[in-house]
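We did not get these values from a lab; they are worked out from the coordinates using the rules stated. The shown structure was predicted, so the numbers you read here are calculated from the model rather than taken from an experiment. Cβ sites come from the backbone with ideal geometry, for glycine too, and all protein chains shown count toward neighbours.
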Amino acid sequence: MTPPIGTPGPPEAATAPTRGPRLRKATALGLAAGLAATGIVLGTEITAGAAAQGSIPAGTQLYKDPDSQVVRWVAANSGDSRQPVIARRIASQPQAIWFSNYRPSTVTSDVRTVTTAAAAAGQVPVLAVYEIPNRDCGGASAGGAPDLSSYDTWVRNFAAGLGSGRSIIVLEPDSIALTTCLSAQQQADRFASLSRAGAVIHAAAPNAKVYLDGGHSAWNSASEQANRLRSAGILSNADGLFTNVSNFNTTANEVNFAKNVLASLGNPANLHAVVDTSRNGNGPAGGGAWCDPSGRAIGTYPTTNTGDASIDAFLWVKPPGEADGCAGAAGTFLPDVAYALASAGASDPASPTATPTTTPPTTTPPTTTPPTTTPPAGAACSVSYKIASAWTGGFTADVTVRNTGSTAVNGWSLKWTFPADQKITNAWNARTSQSGTAVTATDLGYNGAVPAGGSTNFGFQGTGSSTTSPSAFTLNGGACTVS
């Protein structure tokens with residue numbers, strides 16, 4: 001389900017590792033007019049000044065992290081039928097490395113590990129900084145530094161690890177577009193801290209490119225976002241803005257939006273934009289669903305060859321396959337989600353970079369088309385239906401189907417009737433359809449075989465005033481027990 005406009009998403013309790021991504025971002029429209037804070041005063045230890053000039057050169061090679069979650073999964077699962085597609089279309093690509101846990105004593109060495117490896121490879125790393133206090137307004141990705149003073153210190157430590165090589169810094173997703181939980185003074189204080197952060201990074205690493213939060217094309221207006229960015233120091237302490245992080249809006253819409261923001265800022269020559277294209281291959285989900293919606297696809301592969309002087313790069317900031325907080329804990333790599341995104345995406349990269357270790361198996365990758373064989377009727381089964389999380393007007397549910405019969409099920413169709421006004425808005429690990437209160441969930445091909453004694457599971461996000469569970473289920477026409 002899509003949370004009410006301008007509100008955080010469903011809660012999740014996961015904590016990401018130091019170099020772990022989160023993420024999600026709700027589609028929000030028409031947030032209250034932002035405060036155009038003026039007179040931002042930088043700390044005495046920082047000298048305000050123009051950011052490094054110029055765009056990222058076309059042809060710049062972006063860094064591929066050999067320790068990312070998807071690379072580790074590919075290396076450890078050479079026999080998995082999903083592995084070749086995930087390896088070719090996701091693990092082979094450079095993606096942002098997230099710094100999202102508050103560990104001030106190790107962040108310098110953590111950053112230096114990345115930048116040193118990238119320099120040795122002749123590549124430029126993309127580092128996503130996600131540590132601002134009260135991030136995500138306490139929603140699915142709540143956390144961050146305890147206060148702005150601590151954040152300022154953490155940023156200094158972060159910047160100390162960047163070194164003299166080139167780097168791309170995606171500074172605090174959602175920090176400027178999402179401020180509904182902040183008072184006017186708190187917003188002004190946050191923006192001043194972001195401005196200081198940009199200055200500190202440039203002072204420590206003159207070759208770093210710093211991009212501030214531009215939200216996305218279905219959120220604040222271009223003029224409103226420009227006002228906020230101006231207050232956060234984009235004209236003096238940044239190299240541009242980023243858009244669409246963890247969202248699904250089309251590249252064309254995001255490029256147009258970014259240019260409109262730049263125009264509202266007066267088109268300064270030193271400012272450009274980068275766009276997150278990691279999951280926008282099919283555009284946004286219906287109804288604005290943002291939390292692990294089904295039917296999405298990877299978008300344009302990461303590149304600095306954008307063909308547009310205003311757009312420095314198309315980046316994969318949100319690593320494809322890492323959960324938003326509904327299909328799994330935020331930041332957790334889920335091979336089912338990765339495979340669905342990769343399978344629905346465009347063809348393989350034209351010139352794929354080396355994929356992670358291990359040779360892909362010779363078996364044919366699975367198809368997302370359901371089996372053509374007729375599912376056996378009356379399969380013996382039991383169903384566990386549990387509400388995973390709930391909030392006003394919405395919920396997520398986990399469903400486990402167990403084959404309690406003596407023969408394997410090859411292709412399944414689970415049906416039930418909601419007892420109230422529940423409506424499914426998106427699902428994972430299953431294809432769902434709904435007519436009134438009647439629901440049918442079917443397998444996705446690769447998960448259609450359930451051996452005797454085995455089980456399969458899927459989940460979905462829904463709306464409704466009630467979370468009352470269905471009382472009866474049928475699998476391929478046969479009644480199931482409810483556990």
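Taking each residue as 0.36 nm, the span from Gln61 to Asn447 lengthens on full extension beyond its C-alpha to C-alpha distance by 135.3 nm. Taking a point 7 Å out from the Cα of Ala472 in the direction of its Cβ, the residues of the stretch 415-433 whose backbone N falls within less than 16 Å of it are 415-420.
Within the same chain, aspartates and glutamates fewer than 8 places from Lys209 are excluded, and of the rest, those with a Cα less than 12 Å from its Cα are Asp239, Asp312. Would you work out the relative contact order for the stretch 69-344, in percent, from Cα pairs under 8 angstrom that are 6 or more residues apart? Relative contact order of the stretch 69-344: 16 percent. If you take all other residues with their beta carbon under 12 Å from the beta carbon of Gly122, and give Lys and Arg +1 and Asp and Glu -1, the sum is +2.
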